[in-house]
Number of protein chains: 2
Amino acid sequence: MIYVVAKQFVDPGKLDEFLALARELVEKTNKLDAGCISYAMYQDMNDPSVITVLETWESQEALDQHGKAPHFTELIPKLGALCTKPPELNLYKKLF
Amino acid sequence: MIYVVAKQFVDPGKLDEFLALARELVEKTNKLDAGCISYAMYQDMNDPSVITVLETWESQEALDQHGKAPHFTELIPKLGALCTKPPELNLYKKLF
């Protein structure tokens, strides 16, 4: 199992636009991507412009395939253009 | 429900010591803290000195009580002393 935390720093004036696209990404990923255990979007309670995806994948292969899916390759650049800086991305294994 | 991501930057030479204390914190929190839905420790696959806790709490009250538990107040300063800088802490609500 692979766990991903992807923290995104959204331009506050573009948050509604970001969230509409992010919702599409979440829905299509959960519906279409093999090996997706969970994939959901979270909003920081102190800074609403910080939006983080928490992801659980069955394997590295499943995560790699997600990165090639049309919804990913089309939506990620659009989401990135609505952010003030690059995302902070970490891939984790569970310890205990 | 409240979701916490607590990213810790451990001194690489003190990782074993950190993980022994972290395991105790995880075990006691899951066993003893009311309103703890999940609380687990993850290691970055690219940088093993980055150790992150992913937490799910039933409510803000449950999270507040966790912060007052003896295992928390005793272990957190010891864990902090084994890190190279303060943790990066975010509290989230789920969007979708």
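Coordinate-derived values only; no laboratory data. Quick caveat: nothing in here was measured; it's all calculated off a predicted structure. Note that we place each Cβ from the backbone using ideal geometry, even for glycine, and neighbour counts take in every protein chain shown.
Here the condition is being touching a strand residue (DSSP E or B) at 6+ places or on another chain (Cβ under 9 Å) and acidic (Asp, Glu); of B:16, B:47, it holds for B:47 alone. Where helices (runs of 4 or more DSSP H) fall wholly inside chain B, the ranges with 2 or more residues that are within 10 Å of another protein chain (Cβ to nearest Cβ) and exposed (fewer than 15 other Cβ atoms within 10 Å of the Cβ) are B:15-32. Filtering the stretch B:14-65 to residues that are farther than 21 Å from residue B:80 by Cβ and basic (Lys, Arg) leaves only B:31.
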